[in-house]
Every structure is written in structure tokens, then in C-alpha cells.
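The values are calculated or read from the model by the stated rules, or taken from the named source; none is laboratory data. Note that the coordinates shown come from a computational prediction; the quantities given were computed from them, not determined experimentally. Cβ: placed from backbone, ideal geometry, glycine included. Neighbour counts: every protein chain shown.
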């Protein structure tokens, strides 16, 4: 590739980005920019002279934006990112700095049309740099040889620790690592700001050294905007506040990460309407380019002041899991006992039962029992089923909102006809899913 993919100038500096070589040309000299194995999809200066690039990792759906400080290279030939900006749904197609030359704001647009508004100097979280570069520790790489599959130290320029090239890795914080991927997975579980104790062998000699993980600052968008079909749209902040067109909110929802041992939960964004539908606040965030200033102005006239420390994860509607029947099934009797487990961060106010889309059973026919003052409730009821295919849902409500359970499908055996009714394929509706983050980390 002879011609550059992008060429920009700022204060007599000229940069060229070449998609295939990932080189940065500054004033007729090429410099290496990390990470390799990614595609540069866009590039721009922001108003203070730092460079922002849109990146896409090959063979994955990982899209992100990285910022480089041209005044502070890693060494005389290389630059590494100082900040990572998350929130793109597709490849970043354009980056636009603020028209205010004193502002650190910039906007990112991706290929699906979503627009994210960032503050380059806004609140951030320190994260492990992970696979954004080749070595996991500051100026210290770990190489795995094909010959014996062992891991060895490979100090880089500027390393001042105790290890030398060829020292064999024994343990990290007492953890006996396997391949390099297992090492990376383990390091991801650590506090990125905490020192790491490494033991290596140099011949028969055991050597210990305390190293620092490679880190950078991660920033979430102040606001994200998605244009939808039929002129609908949705705009939201990472803390959960949102504005939407008439039908826009039905296309979005929050994914709540429950950890590696449990399925993530999806909550439609309209479940949070009572707590987080704040179109005036969204306008203020865009006007002030600051959540804190926007909340301060909003609270001056609000009857219910907002808190910066409360986010989506603290205002969840109930979460419903079927216990019995645990799966869709065929039954031989018309009266069936149903049991569900409901997790509710606040008191469970009510539960309704829907049979084939219609509300059935009175309140006194539904048992709601809290488990020993925990946030978990057991909802149970008996239901008489007609001699057809039946769909059953539970509708649960707390002070934060309402949740409709996944449907449970029960089919009655039909001795008379022996015919099973045709069940059409479900219709898949694409929705925009956003992962709920702890606002304490980003606000």
C-alpha cells in the first residue's frame, strides 16, 4: 500500500496512517504505533494535539477508539495508546473534534450510524492493557518458546527490574501459569494498580521481582445516540439516563453481567422509564459536556433530585427464573404446579400470572414467600390448563419497575386426536444491548 489511508496536519506536524503497516508518519519519519493485528479505520487530531484513532481487531467484533500522545512516545520510534474509549457498535468511520478549540470533547461515529460523545480528559478507570500490546508488564515481555513450551523473560527498552532475558517463569503471585493466554486471563483478574510478585529461575537460582501491570485509562461516552428505523432514535448515558422517540425505547435494553458462573440478564430499557427517562437531563449533558454539571442544574428545579452514585445496577426491576417446570414440556394432567424464583433488589410488590396472554388468578391464589430476608422470593401457584398448547408468563413488579418472565410453554397430551398443533417459528427482533457499568467507576 503506497498511498496513506489518512493524512493530517497540526501545528506543522504531519501524520500519515497506513492501514496495512500501522505506521505513523510524523514529519517524514515513520513510527510504530501499537497495537498490531488491528485495522486503523479512522484518525483525527483533537484540539490539544493528541491523536485519536478508530481501531478494529481482525477476526473479532472488537471495535474501540485509542488516543495517542505524540509528545510522549514510548521510545524514539514507538507510540502506545494512553486512553481507550469504549462504546462503538461497529467500525469507527469518523472522529470529529469539538468546534470549541478549548474543549477536549470529540464525537465518534461508527458504521452502523451510532454516535458517541467523549471527553478526552473526563473521568476514567484504570484497566489492564491486556492484548493491546505484546508485553503484559511495564517494559517486560513474556515469551513462550515452541521448543519446550516454557515462558521466559524478555525485557524491553527501559526495563530496570531484576530479570534478564532467558529467565524462566515459575509463578505470578504464587500462581503457576500455563500458556501465555492462561497468563493473560489470570492477570485480567488482578487489581490493575497493584504490584505483582513474579518468581523466575536463572539456572538453579530463584529470583523474585515486583513488577507493574501495563495499564491505560478507559473512558465511557458521555452520551450515545442511535438512529433507528422509521425515524425513531434512542440516546442514553452509561449511568442509565435516556431520551427516546415515541417508539425508540422498545429497541434498547441493558445487559446485566452476573459473572462467569451465571447467565447475563437482559432488561428492556422501558423497564426503567420511571427511574431513568430524563430527556431534559440528556439535553443538559450534551449542553454542558459534563454529567456532574448537568445533574447539578437538573436538581435545582427537580422535585426528586438525582444522585450521581446511583446507576442502572442499583435500580433493577425484578429478575425471574423458572424453577418448575424448568423447561417447556408436555403434561398429562390439566392442573399444574408452577414455581419461580424472583430476585428483587427492593421489596417485591406484586406478581401476576398470564395464561395465553390473559391475566388469570387472584392475588390470594398466588403464593409469594421471601427467603429469610434475602432479596430472593419464591412465587408459586396452581393453574388449570385448557386442552391446548399453553404459554405461561409471570409479571413481577417492585418500586423500580416491572419484568415479564420468559414464557413457559406447556402442551397437553391429546388422546382423542393424537395431533400436535403446529407451532410457528419465533420472530427474532434485533435490539440494541448496552452493558450496565457501575457508575462509581465512571462518574
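Residue by residue, here is whether (1) surrounded by 13 or more Cβ atoms within 10 Å (Cβ to Cβ); (2) under 15 Å from residue 214 (Cβ atoms); (3) out of contact with any strand residue (DSSP E or B) (no Cβ under 9 Å at 6 or more places or on another chain) holds:
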| residue | (1), (2), (3) |
| --- | --- |
| 118 | yes, no, no |
| 129 | yes, yes, no |
| 142 | yes, yes, no |
| 150 | no, no, no |
| 158 | no, yes, yes |
| 174 | no, no, no |
| 177 | yes, no, no |
| 184 | yes, yes, no |
| 194 | no, yes, no |
Only unsatisfied item for residue 141, checking (1) free of Cβ contacts under 8 Å to residues at least 24 places away in the same chain; (2) under 30 Å from residue 47 (Cα atoms), is (2)
So, residue 216, is that one within 19 Å of residue 127 (Cβ to Cβ), touching a residue at least 60 places away in the same chain (Cβ under 8 Å), in contact with a helix residue (DSSP H, G or I) (Cβ under 9 Å, 6 or more places away or on another chain) and crowded, with 17+ Cβ neighbours inside 10 Å or not?
yes
Which numbered condition residue 255 misses (of (1) surrounded by 13 or more Cβ atoms within 10 Å (Cβ to Cβ); (2) over 19 Å from the mean Cα position of the chain (by Cα); (3) not in a helix (DSSP H, G or I)):
(2)
Return a yes/no flag: does segment 85-100 have any residue that is closer than 23 Å to residue 194 by Cα, crowded, with 17+ Cβ neighbours inside 10 Å, over 28 Å from the mean Cα position of the chain (by Cα) and modelled with pLDDT under 90.
no
Considering only strands (runs of 3 or more DSSP E) wholly within segment 125-212, the ones with at least 1 residues that are farther than 19 Å from residue 80 by Cβ and modelled with pLDDT under 85 are 140-144
The lone exception for residue 297 - which of (1) without any contact (Cβ under 8 Å) to a residue 40 or more places away in the chain; (2) farther than 25 Å from residue 124 by Cβ; (3) assigned to a helix (DSSP H, G or I) it fails
(2)
Segment 272-294, residues that are surrounded by fewer than 22 Cβ atoms within 10 Å (Cβ to Cβ) and touching a residue at least 60 places away in the same chain (Cβ under 8 Å)
273, 274, 275, 286, 289, 290, 292
For segment 358-387, give me each residue that is in contact with a strand residue (DSSP E or B) (Cβ under 7 Å, 6 or more places away or on another chain) and closer than 17 Å to residue 409 by Cα.
359, 360, 380, 381, 382, 383, 384, 385, 387
Sole miss for residue 308 among (1) more than 24 Å from the chain's Cα centre (by Cα); (2) in a loop (DSSP other than H, G, I, E, B) is condition (1)
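Only residues that are under 31 Å from the mean Cα position of the chain (by Cα) and either in contact (Cβ under 8 Å) with a residue 60 or more places away in the chain or in a loop (DSSP other than H, G, I, E, B) (or both): list them for segment 372-401, please.
Step one: filter segment 372-401 for residues under 31 Å from the mean Cα position of the chain (by Cα), giving 374-378, 393-401.
Result: 374, 375, 394, 396, 397, 398, 399, 400, 401.
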Could you check segment 110-130 and list, in sequence order, the residues that are over 18 Å from the mean Cα position of the chain (by Cα) and under 15 Å from residue 44 (Cα atoms)?
119, 120
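Answer yes if at least one residue in segment 213-222 is over 30 Å from residue 286 (Cβ atoms) and assigned to a strand (DSSP E or B), and no otherwise. Break it down into steps so the answer makes sense when it comes.
First pass over segment 213-222, keeping only residues over 30 Å from residue 286 (Cβ atoms): 213-215.
Pick out the ones that are also assigned to a strand (DSSP E or B) and you get 213, 215.
Yes: segment 213-222 contains one or more residues that are over 30 Å from residue 286 (Cβ atoms) and assigned to a strand (DSSP E or B).
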